[in-house]
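J.: Just dropping this structure here.
All of the numbers you see were taken from the coordinates with simple rules; none came from a lab. None of the values given here were measured: they were computed from a predicted structure. Cβ placement follows ideal geometry from the backbone for every residue including glycine, while neighbour counts extend to all protein chains displayed.
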Amino acid sequence: MIIKHRGIEPKIDPSSYIAPTAAVIGNVTIGARTKVMFGAVINSEGSRVTIGEGTIISENAVIRATADGNKEYFVAIGENVFIGPHATILGGALEPFCYIATGATILHGAKVSSGSVVAVGALVHANAVVPKDFFVPPYTIAIGDPVQLYSRNEKEEIIKAIMGIGFSKVAFNIDAAGKTRAEIYKEATEVRSREYDAHLSDEPIQND
């Protein structure tokens, strides 16, 4: 399904394939010979998404830009990028010729450089920079610039690293100082709800 959002229609090269159950929403530009497979969602929100030539967006992947106030996290995906099933890209840059495996996640402002792999179930956290030809192993967490890798059992180290990047501020523009987790999560939900209000005026466009 192709959807006009905030008055903007997606721009899709006619040589690309959009599966009948995929959704392409708003300010999205898709280059030649790209394949967007079944169940995938590409959503610009108040920002933009660009996808280069020959890229693969596999089944049930989610690619979503975001914008809150004057802070914008667009998504820029280069040519010949492979994005595996159930992968999630929430604002960030993927340079040409990188591989994002099944269930991997890329968060706000992160960059994955050319030739790099984000393996199955791995997470590249907000504003992290994965250098050229780098391998993020399965089920690990990449944080920072220069990037540091953490295994899932390094709980205290991960908490400290995430606090160091100020994730609540980066992702939701929330000042977490002095707030409980419940208060932060309540505010985060309200931030996204306001952003998503724009979908009430979406206009589905008939596919050719």
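J.: Explain nothing, just the number: relative contact order of the chain, from Cα pairs under 8 Å at least 6 residues apart, as a whole percent. Walk me through the numbers before you get to the answer.
T.: Details: 605 pairs, mean separation 27.8, N = 208.
13 percent.
J.: Okay, next question. Tell me which aspartates and glutamates have Cα within less than 15 Å of K71's Cα, excluding those fewer than 8 residues away on the same chain?
T.: Hits, sequence-local ones excluded: E45, D175, E195.
J.: Once the Cα atoms of region 116-158 are picked out, what are the Rg and Dmax in Å?
T.: 9.6, 29
J.: Rounded to the nearest 500 deg cm²/dmol, what is the calculated helix-only ellipticity per residue at 222 nm for the chain, with -39500 (n - 2.57) per DSSP H run of length n ≥ 4? Spell out each step's value before the answer.
T.: Numbers: 3 runs with 33 residues, N = 208.
Theoretical 222 nm ellipticity from helices: -5000 deg cm²/dmol.
J.: Same structure, new question: Please give the charge dipole size of region 2-205, origin at the Cα centre, charges +1 on K and R Cβ atoms and -1 on D and E Cβ atoms. Round to the nearest 20 debye. Intermediate values should be presented prior to the final figure.
T.: Numbers: 19 positive and 22 negative charges, 31 e Å.
That gives a dipole near 140 debye.
J.: Still on this structure, I have one more. Among N173, G39, Y139, whose Cα projects farthest towards the positive end of the dipole of the chain, with charges put on the beta-carbon of Lys, Arg (+1) and Asp, Glu (-1)?
T.: Toward the positive end, the furthest listed residue is Y139.
J.: Additional query: Farthest toward the dipole's positive end in the chain, which of A67, A23, G109, given Cβ charges of +1 (Lys, Arg) and -1 (Asp, Glu) about the Cα centre?
T.: G109
J.: List the lysines whose Cα lies under 21 Å from the Cα of K4, skipping any in the same chain that are fewer than 8 positions away.
T.: K35
J.: Please list, by residue number, every one of the GluC sites (Glu not before Pro) in region 66-175 that is coil in DSSP and has at most 14 other beta-carbon atoms within 10 Å.
T.: Working: sites: E72, E79, E154, E156, E157; in loops: E79, E154.
Taking region 66-175 and a limit of 14 other Cβ atoms within 10 Å, the loop GluC sites (Glu not before Pro) found are E154.
J.: Name the most mobile residue of P146, P138, P20, meaning the one with the largest mean-square fluctuation, in a Gaussian network model of the chain with Cα contacts below 10 Å.
T.: P146
J.: Which of S151, S116, S193 ends up with the largest GNM mean-square fluctuation for the chain, with Cα atoms connected below 10 Å?
T.: S193
J.: Using modelled backbone amide H atoms (1.01 Å from N, in-plane), which distant-in-sequence or interchain residues come within less than 5 Å of I77's amide H?
T.: T50, I51, G52, L94
J.: Spin-label point model (7 Å from Cα, Cβ direction): what's the Y196 to N80 distance in nm?
T.: Simple spin-label model gives 3.8 nm for this pair.
J.: Considering only the other residues whose Cβ falls under 13 Å of the Cβ of E183, what net charge follows from Lys and Arg at +1 and Asp and Glu at -1? Working shown, then result.
T.: Numbers: positive: K179, R181, K186; negative: D175, E187, E190.
Residues near E183 contribute 0 overall.
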